[in-house]
Amino acid sequence: MNPIDSRDGLKSYYQDRSVVDAYMQRRTAQPLNGLLHRRQVEFLNAQIQARSPHAVLEIACGPGRLTTAIRDAPFGVAVDASQPMLETARRRMNGNLERWSFLRSDAFVLPFRNASFDVAYTLRFVRHFQIEDRQRLYREVQRVLKPKGAFVVDALNRQVSYPSRLKQGLEKYKIYDVLYDRHELASELDAAGFRVLAIEGMLKHFPLQQRINRLRFRLGSVARFLIEGLEQIPGNRPSTWMVLCEKKG
Ligand SMILES: C[S@@+](CC[C@H](N)C(=O)[O-])C[C@H]1O[C@@H](n2cnc3c(N)ncnc32)[C@H](O)[C@@H]1O
């Protein structure tokens, strides 16, 4: 079966209760995923804090994996197409709903006026689409961002991800992911009207970190310690990038 890469396909995949209920565990419980989650949260919080935005938009928030961890957004709106995801996100906010509103909406047709937000971010979303749909999403982000507004997005490094995926078996990946080299990633965002300000690599020693992660049941807490320790060592072949861009003009 071909991986899902259509707008309707992705929307309907995340309506499934069992997918929604398993999501947080899947994305944060293992030492490797937990590390990526924490590094993404740190990156986002640092960018948001540096810009002191009035209004922040999270696109495709899912169960609020990131929303619940964002600190300095005085006014935030998180949108997603899936009602069960939004219900989970609201519940996970634990009553802290003064700063964030959750809205069911299609990311391709955002229900906001032009230039409404200072910062927009979206993770594990844009990368699931082919180039034409990614360009549509970039246009929508451009429309709702204020001039010089910031956009944060994640991307996968082909050099590291592809060999690992081949080893796991490509058929195991139910959802499409575009894989880039760094130059392609920067060019795509530049062509979409964003000035790329920073690209930060995460899971810097992925093949080794992944091997240790697989041994986590044998190694116990040592696995987490080793995986996190490796991340402190500089490396130029990360599996994932977080990208900070700014709307040009
Ligand atoms: C892989 S999850 C990512 C969740 C979250 N951003 C994260 O990083 O953990 C993808 C999310 O995109 C949402 N989604 C899919 N198609 C969408 C669309 N057209 N508009 C808005 N959200 C959509 C799904 O409901 C799901 O919550």
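All of the numbers you see were taken from the coordinates with simple rules; none came from a lab. All figures in this text were calculated on a predicted structure; none of them were measured in a lab. Note that each Cβ is placed from the backbone with ideal geometry, even for glycine, and that neighbours are counted across all protein chains shown.
Data overview
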quantity: Over the chain: helical MRE at 222 nm, DSSP H runs n ≥ 4 each giving -39500 (n - 2.57), nearest 500; calculated: -13000 deg cm²/dmol
quantity: Extension gain from E200 to V222, taking 0.36 nm per residue of separation minus the Cα-Cα distance; calculated: 5.3 nm
quantity: Whole-number D in µm²/s for the stretch 194-249 (Stokes-Einstein; Kirkwood sum over Cα pairs; 4 °C, 1.567 mPa s); calculated: 102
quantity: Sequence of M1, M85, M24 once ranked by neighbouring C-beta atoms within 10 Å, starting from the fewest; calculated: M1, M24, M85
quantity: S187-E132 FRET efficiency (beta carbon distance; Förster radius 22 Å; 0.05 resolution); calculated: 0.85
quantity: Stokes-Einstein D in µm²/s, Kirkwood radius over Cα pairs - the stretch 149-249 at 20 °C with 1.002 mPa s viscosity; calculated: 142
quantity: Peptides 201-208, 86-93, 230-237 ordered by average Cβ neighbours within 10 Å, highest first; calculated: 201-208, 86-93, 230-237
quantity: Reachable lysines from K204, criterion Cα separation under 29 angstrom, eight or more residues apart if same chain; calculated: K167, K172, K174, K247
quantity: Ranked F108, F194, criterion: other C-beta atoms within 10 Å, fewest first; calculated: F108, F194
quantity: Relative contact order computed over the stretch 1-143 (Cα-Cα under 8 Å; 6+ residues apart), in percent; calculated: 24
quantity: Cα radius of gyration and Dmax for the stretch 1-107 (Å); calculated: 14.3, 45
quantity: Diffusion coefficient, µm² s⁻¹, Stokes-Einstein with Kirkwood Rh over alpha-carbon pairs of the chain at 10 °C and 1.306 mPa s; calculated: 85
quantity: Highest average packing first - 56-62, 36-42, Cβ atoms within 10 Å; calculated: 56-62, 36-42
quantity: Cα pair count fraction exceeding 22 Å, expressed as % - the stretch 73-169; calculated: 40
